[in-house]
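J.: Please read through the structure below; I'll follow up with questions.
The values are calculated or read from the model by the stated rules, or taken from the named source; none is laboratory data. Quick caveat, the model's predicted, so the values are computed rather than measured. Cβ placement follows ideal geometry from the backbone for every residue including glycine, while neighbour counts extend to all protein chains displayed.
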Amino acid sequence: MVGAVALALLLVAGVGGWYAYQQQRPEPSAAAPPAGADAGGVKVGTGPVTVDVYLDFMCPHCKDFEDDAAATLDTLVNSNSATVVYHPLAFLDRYSTTKYSTRSAAAAGCAADAGRFVEYAKVLYANQPPENSAGLDDAKLIELAGTAGIDTGTFGRCVRDGTHTSWVDGVTEAATKRGVTGTPTVLVNGKDVDPTPDAIDAAVQAA
């Protein structure tokens, strides 16, 4: 029961962040996406089944999802069973004093330019700051890139210039238009799936 209550509270927080975003969302952006990405998200792999993962780097439940399901997603990509499309969202900017959801998602876009989105996402979750905090500053986001095998010189310029900030706005807008209201949300070939490793794997195999 305690676990169920905690999960409910996290989901409420995610939906609350979506409603807050709806109240102050920016206009859709035409900014150029990162390498390997489009206006909706970052594509990893070339498998025939599409797994869409909607996430927010400030979201505690997204970290739980990462801890539980990352290995399954990696296996699906490496076995060429699925293409995983990661959609980094800015729903929880209001839970940070520095719009950390946007800044971390934009930094992940810089990591995509380096071909290391997944590796950097893992590092962000391993160093996830608490909600209602400033989050990690840009210097720390750049430092962490080095631990993910990324050239921090090029990456640092991308982060400091806010190169992919507008792209994050567009990804978040596209998610709201698709009906995504909380994170993590997982779709397999466009159909909602419970964000658990077994459910995702079963849906991919069925597809």
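J.: Test A106 against the criterion of being closer than 20 Å to T196 by Cα, in a helix (DSSP H, G or I) and within 13 Å of the chain's Cα centre (by Cα), and give yes or no.
T.: no
J.: Could you list, in sequence order, all residues of the range 177-207 that are surrounded by fewer than 16 Cβ atoms within 10 Å (Cβ to Cβ) and not hydrophobic (A, V, I, L, M, F, W, C)?
T.: Scanning the range 177-207 gives K177, R178, G179, N189, G190, K191, D192, D194, T196, D198, Q205.
J.: Scan the helices (runs of 4 or more DSSP H) fully inside the range 123-207 and keep the ones with 3 or more residues being charged (D, E, K, R).
T.: Those helices (runs of 4 or more DSSP H) span 138-147, 165-177.
J.: So, one more: Can you tell me which condition V85 does not meet? The list is (1) more than 20 Å from G109 (Cα to Cα); (2) modelled with pLDDT of 95 or more, and all the others hold.
T.: (1) is the only condition that V85 fails.
J.: Still on this structure, I have one more. Have a look at V84, V77, V118 and point out the one that is touching a helix residue (DSSP H, G or I) at 6+ places or on another chain (Cβ under 6 Å) and either within 30 Å of V188 (Cα to Cα) or not aliphatic (A, V, I, L, M) (or both).
T.: Residue meeting the stated conditions: V84.
J.: Any chance you could count how many residues in the range 52-74 are touching a residue at least 60 places away in the same chain (Cβ under 8 Å) and over 13 Å from the mean Cα position of the chain (by Cα)?
T.: Here the count works out to 5.
J.: A further question follows. Just wondering, is there one or more residues in the range 90-99 that are under 20 Å from L187 (Cα atoms), crowded, with 24+ Cβ neighbours inside 10 Å and modelled with pLDDT of 90 or more?
T.: Yes, the conditions are met somewhere in the range 90-99.
J.: Within the range 23-59, take every residue that is surrounded by 13 or more Cβ atoms within 10 Å (Cβ to Cβ) and of a type in the set (S, T, N, Q) and give me the one that is modelled with the lowest pLDDT.
T.: That would be S29.
J.: A further question follows. Inspect the range 152-170 for any residue being surrounded by 14 or more Cβ atoms within 10 Å (Cβ to Cβ), among the small types (G, A, S), within 14 Å of the chain's Cα centre (by Cα) and more than 24 Å from A126 (Cβ to Cβ) and give the result as yes or no.
T.: Yes, the range 152-170 contains at least one residue that is surrounded by 14 or more Cβ atoms within 10 Å (Cβ to Cβ), among the small types (G, A, S), within 14 Å of the chain's Cα centre (by Cα) and more than 24 Å from A126 (Cβ to Cβ).
J.: Right, next: Consider the range 134-151. How many of its residues are crowded, with 21+ Cβ neighbours inside 10 Å and among the β-branched types (V, I, T)?
T.: Of the residues in the range 134-151, 2 are crowded, with 21+ Cβ neighbours inside 10 Å and among the β-branched types (V, I, T).
J.: Right, next: Based on this model, can you work out whether V123 counts as out of contact with any helix residue (DSSP H, G or I) (no Cβ under 6 Å at 6 or more places or on another chain) and buried (at least 17 other Cβ atoms within 10 Å of the Cβ)?
T.: No; evaluated as a whole, the condition is false for this residue.
J.: Continuing with this model, one more query. Here are some residues: V168, V159. Which one is in contact with a Cys (Cβ under 9 Å, 6 or more places away or on another chain), within 16 Å of T102 (Cα to Cα) and of a type in the set (A, V, I, L, M)?
T.: Of V168, V159, the one residue that is in contact with a Cys (Cβ under 9 Å, 6 or more places away or on another chain), within 16 Å of T102 (Cα to Cα) and of a type in the set (A, V, I, L, M) is V159.
J.: Give all pairs with beta carbons closer than 7 Å in which a residue from the range 177-188 that is on the phi < 0 side of the Ramachandran plot meets a residue that is among the charged types (D, E, K, R) and in a loop (DSSP other than H, G, I, E, B); count only pairs at least 6 apart in sequence or on separate chains.
T.: T183/D56
J.: If the requirement is being of a type outside the set (K, R) and in contact with a Lys or Arg (Cβ under 9 Å, 6 or more places away or on another chain), which of these qualifies: D169, D151?
T.: D169
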